[in-house]
Amino acid sequence: MKKNTALLGSLCILAATIIYAGFGVLSRIVGFSIPLFYQNVTRNLFAAFILGVIILLHKKQTWKKMTTKAWKIVFVRAIIGSSSFLLFFYTMNHMEIGLTYFLYYAANTIGGYVLGSLFFKERITPIKWIALVLAFVGLFFIYMINLSHVQPLLVGMAILSGLLVSCWFIIVKKLEGYSAIQINFLDLAFPIIWYTIASLLFKETWSIPQFTPVWIASLFYGACFVITGLLIVYGFKKTEAQIGSLIMLAEIPIATLLAYLVYHESITLLTTLGGLLILVAMTLPELAALKKKNI
């Protein structure tokens, strides 16, 4: 893999992570004011429509005939991604944001290391081990986790969400040759089917989207899906799964800063130290790769 291409992939993942940092806030704004499955029907429809227009305008550049194997991978990826999102959204609204983030990203990072090693033969170097340890120490410093007061089911849901999203990120490596727009469109379109079925089964109340803060936040959420989806597909195609998982941890210090700016949550010395450790963990593998390249 060319170093310049890998660096660009890492930057794309970082850009997506910066946007992801705002998802916790958006989840809280939307909450359950709109029924859970119905809000996802409208959100995915909105996002898929945006990508659908782009595909129609640039079909030759954005759409390629897919093999049966590719269809299966895209379908499974859509199930994994939508399941992870529903679990994340639910826990974010029923558990402390900090605790949810800790469990989610701890599971995501471990999943990235394991999956990268098992399926893509990525070597876990000493630098990567050091980065992993620093990342977990940083996470602990930021959140000072106490699980004694939390329902085990919610803990399990947050962990499962993180493991699933690591699969969602990494499986895209199996879709080389297909554009990020095509992959992202199908990833958003497929879940509309089961979101709609679930919404009807639970007899959710459907209403016409309105120009209200809740609906604006929900549809903006969908627009963010378009951007982050494209960035993630490109980024993980060009970057090692293990390094990409570490880069995703940047969401923690960014989300902490956002919570300070939006909700005026305090930032302690340990929180600052934790954020710095996470940033060091993110950059160590990249610096090691650059040093090796220049030798």
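Each reported figure results from applying straightforward, stated rules to the coordinates on display, with no laboratory input. In this text the structure is predicted, and so the values were computed from the model without any measurement. Positions of Cβ are backbone-derived with ideal geometry, glycine not excepted, and every protein chain shown enters the neighbour counts.
The order of the peptides 165-177, 119-131 by mean Cβ neighbours within 10 Å, most packed first, is 165-177, 119-131. With a threshold of 27 Å on the Cα-Cα distance, the over-threshold entries among LYS65/LYS121; LYS60/LYS174; LYS128/LYS238; LYS60/LYS121 are LYS65/LYS121; LYS60/LYS121. Largest mean-square fluctuation among VAL262, VAL155, VAL76, in a Gaussian network model of the chain whose springs join Cα atoms under 10 Å apart, belongs to VAL262. Oblate is the label for the chain, because a/c, from the alpha-carbon gyration tensor with a ≥ b ≥ c as root eigenvalues, is 1.5 or above and a/b does not exceed b/c. Membrane-span-like helices in the chain, defined here as complete DSSP H runs extending at least 15 Å along the helix axis by their C-alpha atoms with mean Kyte-Doolittle hydropathy no lower than -1.0, are 3-20, 36-57, 68-94, 97-120, 126-143, 152-170, 180-201, 213-238, 251-263, 269-294; this is a sequence and geometry rule, not a statement about a membrane. Among the trypsin sites (Lys or Arg not before Pro) in the range 43-95, those placed in a DSSP loop whose Cβ has at most 10 other Cβ atoms within 10 Å are LYS65. Just check the range 115-261 against the gyration tensor rule for me: Cα atoms, a ≥ b ≥ c as the square roots of the eigenvalues, rounded for a/c under 1.5, and otherwise prolate or oblate depending on whether a/b exceeds b/c. It comes out oblate by the Cα gyration axes. The separation of the range 5-77 from the range 169-214, counted between C-alpha centres, amounts to 8 Å.
Based on Cα contacts under 8 Å between residues 6+ apart, the chain shows a relative contact order of 42 percent.
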